[in-house]
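The values are calculated or read from the model by the stated rules, or taken from the named source; none is laboratory data. This is a predicted model, so every value here is computed, not measured. All Cβ positions, even for glycine, are placed from backbone atoms using ideal geometry, and neighbour counts span all protein chains on display.
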Amino acid sequence: MSVQKVNVLVPPPRSVPRIAAWLGESALWLLGGQGHAAAGLGAWVNEIREKVAREHAQRRDARARGDLMAMARRYESSQPEFAKDLLAAAANDRRD
């Protein structure tokens, strides 16, 4: 049995386009392929959630203060002492 050498020309592999490499790395980063980057993303998301929660709490407190002041205005003529207490509560003067 004889052995023959065969030369086959194979084109070189194509390089990955830059945008595809960038998108792949970004997907790995977002999906947690790299530990430190995924932890950074999680921390960033938690920071945003906390900020939204703080802003929501501030708006809720402001709305509650406005409601107390409106109620104080309604009771001002009929029950002035109660209206004073409501205004003090709205201004956070009373702390129990």
Residues in the range 58-81: is at least one at pLDDT 90 or above, closer than 30 Å to L31 by Cβ and among the basic types (K, R)?
no
Which residue pairs have Cβ atoms under 6 Å apart, sit 6 or more places apart or on different chains, and have a first residue in the range 53-69 that is under 21 Å from L86 (Cβ atoms) and a second that is aliphatic (A, V, I, L, M)?
R65/A90; L68/L86; L68/A89; L68/A90; M69/A90
Considering the range 1-28 alone, what residues qualify as being of a type in the set (A, V, I, L, M) and at pLDDT below 85?
M1, V3, V6, V8, L9, V10, V16, A27, L28
Qualifying residues in the range 1-23 (those that are in a loop (DSSP other than H, G, I, E, B) and among the β-branched types (V, I, T)) - the one surrounded by the most Cβ atoms within 10 Å (Cβ to Cβ)
V16
Among the residues of the range 29-40, is any exposed (fewer than 10 other Cβ atoms within 10 Å of the Cβ) and either assigned to a helix (DSSP H, G or I) or at pLDDT 85 or above (or both)?
yes
With respect to W44, determine if the residue is of a type outside the set (S, T, N, Q), in contact with a helix residue (DSSP H, G or I) (Cβ under 6 Å, 6 or more places away or on another chain) and modelled with pLDDT under 90.
no
